[in-house]
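Participant: Sending over a structure as structure tokens; questions will come in a sec.
The values are calculated or read from the model by the stated rules, or taken from the named source; none is laboratory data. Everything numeric in this text was worked out from a predicted model, so none of it was measured. Virtual Cβ from ideal backbone geometry, glycine too; neighbours counted across all protein chains shown.
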Amino acid sequence: MEKAFLLLLAGMFVLSACDGTLFPEKPSIDSELKGEAVDISGLSDFRKLFVLNEGQMGSNNASLDMLRISDANYITGVFKKMNPSEGASLGDVGNDIAVIGDEIWIAVNNSGIVEVLSAKDETELAAIQVPMPRCLAYDDNYVYVSSWNGAVAVYGPDWSVDAEKSKNPRGAVYRIDRKTKKLDGKGVEVGYQPEGLAVCKGKLYVANSGGIASSLPPAYSYDKTVSVIDAGTFVLEKSIDAEINLQKVFADSKGNVYINSFGNYYSIHSGLWQIKSDGSVHKVADYASYVAFHDDTVYCIGNENEFDYTAPAKTTAWKCRNGAKEAWNIDLGGGNPYAVAALPGNCFVIADAGDYYNPGTVSLFTDGAKKWSASAGVCPGHFAIW
């Protein structure tokens, strides 16, 4: 009888543990943070949307916002609120964000660090020093970071470039061990001022912009190459010519890689390029200043009047799947789009930087129409979901 009672008690213990009544899950320590209430109907398959606000260069005011799906709150400045001992802000110029498992990785450019936070409560887990980190990509073992490697253009009183004080070294890609949160070996030298990067079938594709090189003698020219690194050996394999001033990189499930270019702002439009799985390169279309990727599809927003700053913005939106341009309808309703992200359920978030000095806005679009806007930090520009 005693043995039967103990077995019954053990069974009750297991059932209670499974349904959470014995040891109920503790609420996250960020659950007390409250912000602006928004409409989350239609949003699903994720718990939080993180918004990285770049801040103004030299002002040390990069910040992190969060849309918490559980209670439909858009909360600004969550890094500062959850890490009060870390100072006033996230750092100087937040340049990229990625959610990897239950961790948030953030490249803070001028501060020279990659921050790692808990996605559950936004508390700091690690801060890794990387010279001028720009963008992030990852695989099962490493986080890869593109770096300008000390490149800088210094301007004189008349806004001419001071060639003696400016620096234009080639950029690099560093890798960080995901477990130890430490740099693993030396960086791999790539092109000038690398930006976005993506892992595709064991290769790392790196977009080189030449954003500093374009202002410096003797060439005064942008980079136009994509550096290809073998992820296994972490060695540069080759460079592929595409278009000048390359920016973001995406890889689809079929082994195709997409890169957008900003062009040169006066004679070459922004656009999207594809590197096919067979290694061939072709241009998809013009007007792709702001791009997002979801479900093997690249979503593009551009401005047909991007060479004429006095003309009203004539925005065009389109998408690309399997290397072909397709229709995509979205009504931006004016504003100053600065970044776009695609979410599950045919939803999109678009950041409006405003005047780049004061707080911007983040808007949700569903089925092409704006659903709501919320106040963000200064210069919202990067998104990630958990």
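Participant: Test Glu189 against the criterion of being crowded, with 22+ Cβ neighbours inside 10 Å and acidic (Asp, Glu), and give yes or no.
Facilitator: Taking the combined requirement at face value, the residue does not satisfy it.
Participant: Separate question: If I go through segment 113-147 residue by residue, how many of them are farther than 14 Å from Gly171 by Cβ and of a type outside the set (D, E, K, R)?
Facilitator: Residues in segment 113-147 being farther than 14 Å from Gly171 by Cβ and of a type outside the set (D, E, K, R): 18 in total.
Participant: Specify which of the listed residues (Leu204, Leu216) is within 20 Å of Val152 (Cα to Cα) and either of a type outside the set (A, V, I, L, M) or buried (at least 18 other Cβ atoms within 10 Å of the Cβ) (or both).
Facilitator: Leu216
Participant: Taking segment 321-331 as the search range and keeping residues that are of a type in the set (A, V, I, L, M, F, W, C) and outside any strand (DSSP E or B), which one is farthest from Arg47 (Cα to Cα)?
Facilitator: Trp328
Participant: Right, next: Name every residue in segment 112-128 that is in contact with a Leu (Cβ under 8 Å, 6 or more places away or on another chain), at negative phi and crowded, with 18+ Cβ neighbours inside 10 Å, in order of residue number.
Facilitator: Selection gives Val114, Glu115, Val116, Leu117, Ile128.
This table checks each residue for (1) in a strand (DSSP E or B); (2) within 21 Å of the chain's Cα centre (by Cα).
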| residue | (1), (2) |
| --- | --- |
| Pro312 | no, no |
| Lys319 | yes, yes |
| Gly333 | no, no |
| Ala339 | yes, yes |
| Val349 | yes, yes |
| Tyr356 | no, yes |
| Phe365 | yes, yes |
| Lys370 | yes, no |
| Ala384 | yes, yes |
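Participant: Would you confirm whether or not segment 64-85 contains a residue that is closer than 28 Å to Leu136 by Cα, touching a Phe, Trp or Tyr at 6+ places or on another chain (Cβ under 6 Å), at pLDDT 95 or above and not in a strand (DSSP E or B)?
Facilitator: No: segment 64-85 contains no residue that is closer than 28 Å to Leu136 by Cα, touching a Phe, Trp or Tyr at 6+ places or on another chain (Cβ under 6 Å), at pLDDT 95 or above and not in a strand (DSSP E or B).
Participant: Quick check on this structure: which one of Gly333, Gly323, Gly360, Gly354 is in contact (Cβ under 8 Å) with a residue 40 or more places away in the chain and out of contact with any Asp or Glu (no Cβ under 8 Å at 6 or more places or on another chain)?
Facilitator: The unique qualifying residue is Gly323.
Participant: In segment 86-120, how many are outside any strand (DSSP E or B) and either at pLDDT below 95 or of a type outside the set (Gly, Ala, Ser) (or both)?
Facilitator: Summing the residues that are outside any strand (DSSP E or B) and either at pLDDT below 95 or of a type outside the set (Gly, Ala, Ser) (or both) in segment 86-120 gives 11.
Participant: Here are the criteria: (1) crowded, with 16+ Cβ neighbours inside 10 Å; (2) touching a strand residue (DSSP E or B) at 6+ places or on another chain (Cβ under 6 Å). Tell me which single one Glu326 does not satisfy.
Facilitator: Looking at each condition in turn, Glu326 falls short on (1).
Participant: Of all residues being at pLDDT 60 or above and acidic (Asp, Glu) in segment 20-36, which is surrounded by the fewest Cβ atoms within 10 Å (Cβ to Cβ)? Just the residue, please.
Facilitator: This residue is Glu32.
Participant: Please specify each residue of segment 277-306 satisfying the condition of being at pLDDT 95 or above, surrounded by fewer than 19 Cβ atoms within 10 Å (Cβ to Cβ) and not in a strand (DSSP E or B).
Facilitator: Correct list: Asp295, Asp296.
Okay, residues lined up against (1) within 22 Å of Asp92 (Cβ to Cβ); (2) hydroxyl-bearing (Ser, Thr, Tyr); (3) out of contact with any strand residue (DSSP E or B) (no Cβ under 6 Å at 6 or more places or on another chain):
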residue	(1), (2), (3)
Ala127	yes, no, no
Val130	yes, no, no
Cys135	yes, no, no
Val145	yes, no, no
Asn168	yes, no, yes
Val188	no, no, no
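Participant: If you go through segment 188-202 one residue at a time, do you hit one that is without any contact (Cβ under 8 Å) to a residue 40 or more places away in the chain and either over 24 Å from Thr225 (Cα atoms) or of a type in the set (D, E, K, R) (or both)?
Facilitator: No, segment 188-202 contains no residue that is without any contact (Cβ under 8 Å) to a residue 40 or more places away in the chain and either over 24 Å from Thr225 (Cα atoms) or of a type in the set (D, E, K, R) (or both).
Participant: Are any residues in segment 166-194 part of a strand (DSSP E or B) and of a type outside the set (Ser, Thr, Tyr), and if so, which ones?
Facilitator: Lys167, Ala172, Val173, Arg175, Ile176, Asp177, Leu183, Val188, Glu189, Pro194
Participant: Counting only residues that are assigned to a loop (DSSP other than H, G, I, E, B) and touching a Pro at 6+ places or on another chain (Cβ under 8 Å), which one in segment 44-60 is surrounded by the most Cβ atoms within 10 Å (Cβ to Cβ)?
Facilitator: Glu54
Participant: Can you work out which of the residues in segment 261-276 that are under 24 Å from the mean Cα position of the chain (by Cα) and among the hydroxyl-bearing types (Ser, Thr, Tyr) is surrounded by the most Cβ atoms within 10 Å (Cβ to Cβ)?
Facilitator: Ranking the candidates gives Ser261 first.
Participant: Separate question: Hey, among the residues in segment 121-148 that are under 19 Å from the mean Cα position of the chain (by Cα) and assigned to a loop (DSSP other than H, G, I, E, B), which one's nearest to Ser85 (Cα to Cα)?
Facilitator: Glu122
Participant: Additional query: Condition first: charged (D, E, K, R) and under 19 Å from Ser261 (Cβ atoms). Can you find one or more residues in segment 179-189 that meet it?
Facilitator: no
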